[in-house]
Amino acid sequence: MGMISEFKDFIAKGNAMDLAVGVIIGASFGAIVNSLVSDVITPALLNPALKAAQVEDLAGLKTDGGILYGKFLAAVISFLVIAFVIFLLVKAMNSMKKKQEPAPAAPTGPTQEQLLAEIRDLLKK
C-alpha cells in the first residue's frame, strides 16, 4: 500500500503535471514550426535558392559509393532553418514579455528629515 500512496503523491505534485503539459504543448508547437518551415519558408525562400544554385533535388545527391550526402545536407539545412525560426519566435516572445513587465521602481531610501533626525539622535548620545 505504501508504494501506491507514494505514486499518488508523485502524480499530485505539480512537477509531473507541469511536465505533461509541457510535453503536449511542445509537440503541438513542434507541429506548428514544422508546418511553418515546410509550408511557408521552404517554398518561399529555400526552393528558389536551391533552383538558383541548380540543386533542386538536394536529397537525391549521392556519391559513387552510395553515400547519400545530399540527404544529410537537406537535414542540416532543415535543422538550421527550424532553429532560426524558433530563435525568432523566442526573441519575439521575450520582447513582448519585456514590454508587459512594469519597470522596477527606484529604491526609496530614508528622507532628508529622517537622516537629520538620526544624526540628531546620535549627537545626543
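The values are calculated or read from the model by the stated rules, or taken from the named source; none is laboratory data. Keep in mind the model is a prediction, meaning the values are calculated, not measured. Virtual Cβ from ideal backbone geometry, glycine too; neighbours counted across all protein chains shown. Note: accessible area is taken over every heavy atom of the protein model, side chains too, but ligands, DNA and RNA are not part of it. Shrake-Rupley method; radii C 1.70, N 1.55, O 1.52, S 1.80 Å.
If we scan the stretch 78-101, do we find a residue that is modelled with pLDDT under 75 and either in contact with a Leu (Cβ under 9 Å, 6 or more places away or on another chain) or β-branched (Val, Ile, Thr) (or both)? It would help to see each step written out before you state the result.
Filtering the stretch 78-101 down to residues modelled with pLDDT under 75 leaves 101.
Now narrow it down to the ones that are either in contact with a Leu (Cβ under 9 Å, 6 or more places away or on another chain) or β-branched (Val, Ile, Thr) (or both): none.
No: zero hits.
Please work out which one of (1) in a helix (DSSP H, G or I); (2) modelled with pLDDT of 70 or more; (3) not β-branched (Val, Ile, Thr) is the condition ALA59 fails and give its number.
(2)
For the condition open to solvent by 60 Å² or more (accessible area, probe 1.4 Å), more than 15 Å from VAL37 (Cβ to Cβ) and of a type in the set (A, V, I, L, M), what is the one hit in LEU116, LEU89, LEU80?
Values: LEU89 fails: more than 15 Å from VAL37 (Cβ to Cβ); LEU80 fails: more than 15 Å from VAL37 (Cβ to Cβ).
The conditions single out LEU116.
Filter the stretch 75-125 down to the residues that are assigned to a helix (DSSP H, G or I) and among the hydroxyl-bearing types (Ser, Thr, Tyr), then identify the one that is farthest from ASN47 (Cα to Cα).
Among those residues, the one meeting the criterion is SER95.
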